[in-house]
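The structure appears below as structure tokens.
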Amino acid sequence: MHREANLQRTTTAAVALLLCAGVLPAQESVATSPHAVARDTLRGLDGVHVVVEELRPEAVDDGLSKEAIEEEAVQRLWDAGVRVLMEDQWTIAAGAPYLYLNVNAVKSKDLYVYAVDLQLNQNVRLERIPSVAVAATTWTTGCRVGAVSADSVRVLAQVAAQSVDRFIEDYRRANPAN
């Protein structure tokens, strides 16, 4: 029994790490911290569009709602004074900025292993070829991982909301007049 519990914990940890695979922190600058550089990319941001990734069907079946997560994110941004760009506005806004929120929850028996990541993506230009602009992640919460019981999967909406709150905090620091 003890061996089975250890195996389940190890498997849970491995799945959590895999859920975050590919999420890289901002590149470090010699003069400033990575977080300060990322926060600087929020300066002068006029607003953001919100994109929430589709949820796994089993998470939806157990009560997690993409729509509720998106509504909460948008409401928190509005309440904090961050302009939320609608679909037709964000592509023409300077930098086409959007917040990408991924709540990835994988069910294993009666447990969900999750990874929640919030990223600000916007168009950036290459220094060596200024005519080339590409979409890039310029700010991120980093991947938050954990596990919750299947009957508590709705709590992941709150974890996502906390990530939005962290964005708002950095946005306010970068734009103190707003």
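The values are calculated or read from the model by the stated rules, or taken from the named source; none is laboratory data. Since the model is a prediction, treat every value here as computed from it, not as a measurement. We place every Cβ from the backbone using ideal geometry, glycine too, and count neighbours over all the protein chains shown. Surface areas here come from the heavy atoms of the whole protein model, side chains and all, with no ligands, DNA or RNA. Shrake-Rupley method; radii C 1.70, N 1.55, O 1.52, S 1.80 Å.
Quick look at the numbers
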read-out: Total formal charge among the other residues, if their Cβ is under 11 angstrom from that of Pro97, Lys/Arg +1 and Asp/Glu -1; value: 0
read-out: Residue-span extension gain [Gln162 to Ala68] - 0.36 nm each, minus C-alpha spacing; value: 32.4 nm
read-out: Kirkwood estimate for the stretch 42-178, i.e. one over the average of 1/r between Cα atoms, Å; value: 15.8 Å
read-out: Nitroxide proxy distance, nm - points 7 Å out along Cα→Cβ at Arg172 and Ser149; value: 3.5 nm
read-out: Enclosed volume per residue, in Å³, of the convex hull spanned by Cα atoms of the stretch 82-152; value: 133 Å³
read-out: Vicinal HN-Hα couplings computed from phi for the stretch 100-117 (Karplus, 6.51 cos²θ - 1.76 cosθ + 1.60; Hz; Gly/Pro x); value: 10, 10, 10, 10, 9, 10, 10, 8, 9, 6, 9, 9, 10, 9, 10, 9, 10, 9
read-out: Charge tally in the Cβ shell below 14 Å around Ile168, where Lys, Arg are +1 and Asp, Glu are -1, Ile168 excluded; value: +1
read-out: FRET efficiency, Met86 to Glu54 (Cβ-Cβ, R0 22 Å, nearest 0.05); value: 0.65
read-out: Approximate spin-label separation Asn123-Ser108, in nm, with each point projected 7 Å along Cα-to-Cβ; value: 4.2 nm
read-out: Å² per residue, accessible surface of the stretch 31-178 at 1.4 Å; value: 52 Å²
